[in-house]
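Enquirer: Just passing along the structure, written as structure tokens.
The values are calculated or read from the model by the stated rules, or taken from the named source; none is laboratory data. Please read all numbers here as calculations on a predicted model, not as lab measurements. Every residue, glycine among them, receives a Cβ derived from its backbone with ideal geometry; neighbour counts consider all protein chains shown.
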């Protein structure tokens, strides 16, 4: 049977599935189509979805076979109180699954892990995510199902990234943001990727092949080992240089460039004045911060003042990337530097 489907990169598959289900427009009588690095979700006839969600295409749809669970929670049989506290979402990185569990769910962690292992296709190991800690942003993970270590390869935006969730920071929730920033890079631009982790921004930009150079900077040597492995496999003609240094040390002597990415959302504000020096005239800064929802409107103005003031800097866009807590979101602030020196300088 013919019909329409929403085609998105595989890395955005779970996120898109949840979005389509939340508005009730995905067909339950047809199979999801797997097309290499892409997946296509069958849509109900006549529905319209936001264009930024993906590409609506015509496809020959296959009738869905016997229906399995649409939610991992359907595989669990817990008492009512812990059932109400089960998280709705989880992260898939390569063949690894991460889930945040409330303390009250600790006695049921193994059951939850087994349910996720059965629910997520190709999953090898499931971990309870206890958060990111320290200057190197290393994640604390407790294995609750499956086996093996926390190193894998993760695909997003047509790129295969080497990741080790215990040794270096990586979040699959930023895949769309990695692609957005990469698409904004102009031909011949020089780029700094500060606090780069395993380098998803750098790799996405290198794949687009418009930048003149990319310098990826992180204080964690394990992150840079993973980045270099991914760069070698990508074989882009854009040179990607990995530099081991704290951001405040690198920024003291770094030559200003056309575009800077600074993703240190919990404590980046204290380094922002030094990061400002790395942005050339008429250059752009992509800065990420966990911003309280109540303060989002004022937060952009405060960031501009921290950088050097509204004569020197212009806030171009504020974007919510994803919820971080009940009261705050990971937020992107796109800021442009004036092409001429500020008045009085």
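Enquirer: Looking at (1) out of contact with any strand residue (DSSP E or B) (no Cβ under 6 Å at 6 or more places or on another chain); (2) surrounded by fewer than 17 Cβ atoms within 10 Å (Cβ to Cβ); (3) modelled with pLDDT under 95, find the lone condition where residue 64 falls short.
Expert: (1)
Enquirer: Still on this structure, I have one more. Among the candidates 49, 8, which residue alone is in contact with a helix residue (DSSP H, G or I) (Cβ under 8 Å, 6 or more places away or on another chain), buried (at least 18 other Cβ atoms within 10 Å of the Cβ) and part of a loop (DSSP other than H, G, I, E, B)? Give the steps one after another, and end with the answer.
Expert: Working: 8 fails: part of a loop (DSSP other than H, G, I, E, B).
Only one candidate passes the filter, namely 49.
Enquirer: Here is a follow-up. Inside segment 303-318, can you point out the residues that are touching a helix residue (DSSP H, G or I) at 6+ places or on another chain (Cβ under 8 Å) and surrounded by 15 or more Cβ atoms within 10 Å (Cβ to Cβ)? Don't jump to the end; show me each part of the working.
Expert: Of the residues in segment 303-318, the ones touching a helix residue (DSSP H, G or I) at 6+ places or on another chain (Cβ under 8 Å) are 303, 306-308, 310, 313-315, 318.
If the condition is that a residue be touching a helix residue (DSSP H, G or I) at 6+ places or on another chain (Cβ under 8 Å) and surrounded by 15 or more Cβ atoms within 10 Å (Cβ to Cβ), then 303, 306, 307, 308, 313, 315, 318 are the ones that fit.
Enquirer: Next question. On the given criteria, is residue 112 over 30 Å from residue 149 (Cβ atoms), crowded, with 19+ Cβ neighbours inside 10 Å, more than 22 Å from the chain's Cα centre (by Cα) and outside the structural domain of residue 198 (by TED's automatic domain parsing)?
Expert: Numbers: over 30 Å from residue 149 (Cβ atoms): no; crowded, with 19+ Cβ neighbours inside 10 Å: yes; more than 22 Å from the chain's Cα centre (by Cα): yes; outside the structural domain of residue 198 (by TED's automatic domain parsing): yes.
Considered against the rule, which asks whether it is over 30 Å from residue 149 (Cβ atoms), crowded, with 19+ Cβ neighbours inside 10 Å, more than 22 Å from the chain's Cα centre (by Cα) and outside the structural domain of residue 198 (by TED's automatic domain parsing), residue 112 comes out as no.
Enquirer: If you go through segment 234-241 one residue at a time, do you hit one that is touching a helix residue (DSSP H, G or I) at 6+ places or on another chain (Cβ under 7 Å), over 15 Å from residue 168 (Cα atoms) and modelled with pLDDT of 95 or more? Even if it seems obvious, please write down each step before you answer.
Expert: Initial filter on segment 234-241 (touching a helix residue (DSSP H, G or I) at 6+ places or on another chain (Cβ under 7 Å)): 234, 236, 238, 240.
Among the residues that remain, those that are also over 15 Å from residue 168 (Cα atoms) are: 234, 236, 238, 240.
Narrowing further to those that are modelled with pLDDT of 95 or more: 240.
Checked segment 234-241: at least one residue is touching a helix residue (DSSP H, G or I) at 6+ places or on another chain (Cβ under 7 Å), over 15 Å from residue 168 (Cα atoms) and modelled with pLDDT of 95 or more.
Enquirer: Only one of these is closer than 13 Å to residue 337 by Cβ, in contact with a strand residue (DSSP E or B) (Cβ under 8 Å, 6 or more places away or on another chain) and not in a helix (DSSP H, G or I): 286, 322. Name it. Can you show your working first?
Expert: Values: 322 fails: closer than 13 Å to residue 337 by Cβ.
After applying the criteria, what remains is 286.
Enquirer: Only one of (1) surrounded by fewer than 14 Cβ atoms within 10 Å (Cβ to Cβ); (2) touching a strand residue (DSSP E or B) at 6+ places or on another chain (Cβ under 9 Å) fails for residue 250. Which number is that?
Expert: (1)
Enquirer: Only one of (1) outside any loop (DSSP other than H, G, I, E, B); (2) surrounded by 14 or more Cβ atoms within 10 Å (Cβ to Cβ); (3) in contact with a strand residue (DSSP E or B) (Cβ under 9 Å, 6 or more places away or on another chain) fails for residue 101. Which number is that?
Expert: Result: residue 101 fails condition (1) only.
Enquirer: Which one is nearest to residue 59 (Cα to Cα), of the residues in segment 17-37 that are surrounded by 18 or more Cβ atoms within 10 Å (Cβ to Cβ) and in contact with a helix residue (DSSP H, G or I) (Cβ under 7 Å, 6 or more places away or on another chain)?
Expert: The residue in question is 26.
Enquirer: Out of segment 137-192, which residues are touching a strand residue (DSSP E or B) at 6+ places or on another chain (Cβ under 9 Å) and in a helix (DSSP H, G or I)?
Expert: Passing the criteria: 172, 173, 174, 175, 176, 177, 178, 179, 180, 181, 184.
Enquirer: When you scan segment 119-131, do you find a residue that is assigned to a helix (DSSP H, G or I) and within 23 Å of residue 11 (Cβ to Cβ), even just one? I'd like the intermediate steps shown before the answer.
Expert: Our first condition is that a residue be assigned to a helix (DSSP H, G or I); within segment 119-131, this holds for 119.
Then keep just the ones that are within 23 Å of residue 11 (Cβ to Cβ); that gives 119.
The answer is yes, given that some residue of segment 119-131 is assigned to a helix (DSSP H, G or I) and within 23 Å of residue 11 (Cβ to Cβ).
Enquirer: Continuing with this model, one more query. For residue 188, state whether it is over 25 Å from residue 321 (Cα atoms), surrounded by fewer than 20 Cβ atoms within 10 Å (Cβ to Cβ) and modelled with pLDDT of 95 or more.
Expert: Numbers: over 25 Å from residue 321 (Cα atoms): yes; surrounded by fewer than 20 Cβ atoms within 10 Å (Cβ to Cβ): yes; modelled with pLDDT of 95 or more: yes.
Considered against the rule, which asks whether it is over 25 Å from residue 321 (Cα atoms), surrounded by fewer than 20 Cβ atoms within 10 Å (Cβ to Cβ) and modelled with pLDDT of 95 or more, residue 188 comes out as yes.
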